[in-house]
1. Within the chain, which complete DSSP H helices have Cα atoms spanning at least 18 Å along the helix axis and a mean Kyte-Doolittle hydropathy of -0.5 or higher?
2. Semi-axes of the equivalent ellipsoid for the chain, please: Cα gyration tensor eigenvalues, times 5, square-rooted, ordered largest first, whole Å.
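None of the figures in this text is laboratory data; all of them are computed from the coordinates on show. Because the structure is a prediction, the values reported are computed rather than measured.
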Amino acid sequence: MFTFNWITPAVTLLAGLSLFLFGLLLLTDGLKRMAGSALKHVLERMTSNRFKGVLAGVFVTSVI
């Protein structure tokens with residue numbers, strides 16, 4: 001009779017999630033270093049109202 005081992009999938013899921021979050025951290029740090037205050041001003045202009053903010057979010061998400 002076959003019994004399913006839950007430990008291996010759980011560890012794999014946690015490892016994958018950890019790598020994903022670490023990658024996001026590296027991406028965030030890289031963008032901050034690359035753009036600096038210029039990115040902040042661009043984002044302020046691009047998100048001056050809700051509609052432009054949603055479009056900017058969709059665009060940035062699709063690029064990343």
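1. Within the chain the helices that satisfy the rule are 7-35, 50-63.
2. For the chain, the ellipsoid semi-axes come out as 38, 16, 7 Å.
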